[in-house]
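The values are calculated or read from the model by the stated rules, or taken from the named source; none is laboratory data. In this text the structure is predicted, and so the values were computed from the model without any measurement. Here the Cβ positions follow ideal geometry from the backbone for every residue, glycine too, while neighbour counts run over all protein chains shown.
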Amino acid sequence: MDRFLENDTILKILSIVVALVLWVGVMSTNAQAMVDRHFGPIPLEYQPPSKSNLTVMSLNPNTVTVELRGPANTIKSANPHSIAAFVDMQGVTHSGTYTLPVRVSVSTGTSFANVYPSKVTVVVDRMGSRHIGITLNPTGSTAPGYELKSLTSSDHTATLSGPTSDLNKVRKVVARVPLGGRNASFQEQVVLLPLNANGDTVRRVQVSPAMVSAQAAIKKRPPQKTVGVVAKLKGHPASGYSVTNIVVHPATVTVSGTQSAIKPVSVIYTVPINVSGDTHSVSSAVPLVFPSGVKGVKQQDVSVSVTIRKTG
């Protein structure tokens with residue numbers, strides 16, 4: 001036996017075997033050591049309120065950090081996707097703001113240690129609906145020499161549905177109808193948009209129908225020309241007073257009609273402005289008088305300022 005132990009090769013082999021046994025024992029012990037590890041951010045899910053007329057508006061925050069405990073090797077290989085964090089809202093029966101606990105489900109071989117934060121703020125709103133008229137908004141321009149005569153749709157009202165707080169933000173439902181340089185009448189399906197006071201879309205509101213059929217009547221524009229505007233006066237200021245200046249705004253107006261009707265028109269007169277006996281300047285909006293077969297394209301009246309001053 002002594003001679004066996006005196007053999008260097010055998011002693012070296014025994015040393016290695018002993019070392020391996022000790023290393024396996026240490027690693028086995030370490031593998032069983034319990035450690036903690038944080039995982040996050042974990043998306044926060046929720047079980048909705050049991051009442052169908054309630055909806056969750058927001059969770060704050062909407063992610064959490066979960067702390068797990070378990071054997072070192074199990075914790076090291078744990079998959080964050082196997083962790084579920086959720087809020088139970090089955091007991092919520094009214095709209096409002098609630099502070100609710102976060103519940104956590106973890107993977108096999110690990111245990112739940114903690115969650116940060118442990119409670120979140122939940123805003124719940126009541127679902128509702130309302131009816132509203134549809135507004136058609138033409139966008140862009142027709143082809144040169146053509147104009148939009150009318151714009152109608154297959155539906156005149158729409159039904160809105162969604163959280164009541166968002167429904168109250170909707171000021172109008174608009175369908176934008178692109179004219180796109182067209183020179184003929186057309187029909188097109190257009191989307192209905194619920195807009196707030198700033199003209200922005202209210203996202204959580206549904207519109208029914210979602211689309212309507214818009215009919216645009218486009219006709220060739222009649223001949224037009226731009227002429228000056230002349231203010232007509234009636235009567236005279238009081239004795240010792242006179243008209244010293246007349247200002248018309250705008251000073252020109254665009255008229256339309258048949259070529260034979262607008263050809264002789266060089267100016268458009270206002271309805272007579274009565275200055276009889278006046279001692280002070282006069283300023284007012286005055287209608288325009290268009291000859292037969294002639295009409296104003298946009299302007300139907302003008303602003304006239306008549307300056308009256310004492311003479312001498």
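Annotations for the structure displayed:
- Of all the listed residues (S239, S213, S260), the sole one being of a type in the set (G, A, S) and in contact with a strand residue (DSSP E or B) (Cβ under 7 Å, 6 or more places away or on another chain) is S213.
- Only listed residue being surrounded by 14 or more Cβ atoms within 10 Å (Cβ to Cβ) and touching a helix residue (DSSP H, G or I) at 6+ places or on another chain (Cβ under 9 Å), chosen from V243, V205: V205
- For A78: the one exception among (1) in a strand (DSSP E or B); (2) farther than 21 Å from S165 by Cα; (3) among the hydrophobic types (A, V, I, L, M, F, W, C); (4) not assigned by TED's automatic domain parsing to the domain that holds D166: (1)
- Residues being assigned to a strand (DSSP E or B) and either over 15 Å from L233 (Cα atoms) or of a type in the set (S, T, Y) (or both) - total across segment 244-291: 13
- Positions within segment 292-312 being under 29 Å from R221 (Cβ atoms), in a loop (DSSP other than H, G, I, E, B) and not aliphatic (A, V, I, L, M), in sequence order: S292, G293, K298, Q299, Q300
This table checks each residue for (1) within 21 Å of D125 (Cα to Cα); (2) polar (S, T, N, Q); (3) surrounded by 14 or more Cβ atoms within 10 Å (Cβ to Cβ).
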{"position": "K51", "(1), (2), (3)": "yes, no, yes"}
{"position": "V56", "(1), (2), (3)": "yes, no, yes"}
{"position": "N60", "(1), (2), (3)": "yes, yes, no"}
{"position": "G70", "(1), (2), (3)": "no, no, yes"}
{"position": "A78", "(1), (2), (3)": "no, no, yes"}
{"position": "I83", "(1), (2), (3)": "no, no, yes"}
{"position": "F86", "(1), (2), (3)": "yes, no, yes"}
{"position": "G91", "(1), (2), (3)": "yes, no, no"}
{"position": "S105", "(1), (2), (3)": "no, yes, no"}
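- Test: residue in segment 91-101 that is outside any loop (DSSP other than H, G, I, E, B), touching a helix residue (DSSP H, G or I) at 6+ places or on another chain (Cβ under 7 Å) and not charged (D, E, K, R): no
- The set of residues in segment 234-273 being free of Cβ contacts under 8 Å to residues at least 24 places away in the same chain and closer than 20 Å to Q300 by Cβ consists of A251 alone.
- Segment 8-31, subset at pLDDT 55 or above and exposed (fewer than 11 other Cβ atoms within 10 Å of the Cβ), residue farthest from S165 (Cα to Cα): D8
- If only residues of segment 281-312 that are over 30 Å from Q224 (Cα atoms) and loosely packed, with under 12 Cβ neighbours inside 10 Å are counted, the one that is farthest from the chain's Cα centre (by Cα) is G312.
- Within segment 61-78, tally of residues that are of a type in the set (S, T, Y), over 11 Å from G40 (Cα atoms) and touching a residue at least 12 places away in the same chain (Cβ under 8 Å): 1
- So L160, is it within 16 Å of P138 (Cα to Cα), in a strand (DSSP E or B), at pLDDT 95 or above and within 17 Å of the chain's Cα centre (by Cα): no
- Residues in segment 117-134 that are surrounded by 12 or more Cβ atoms within 10 Å (Cβ to Cβ) and hydroxyl-bearing (S, T, Y) were compared, and the one that is nearest to D36 (Cα to Cα) is T121.
- Residue check, A238 outside the structural domain of M57 (by TED's automatic domain parsing), closer than 23 Å to T142 by Cβ and in contact with a Ser or Thr (Cβ under 6 Å, 6 or more places away or on another chain): no
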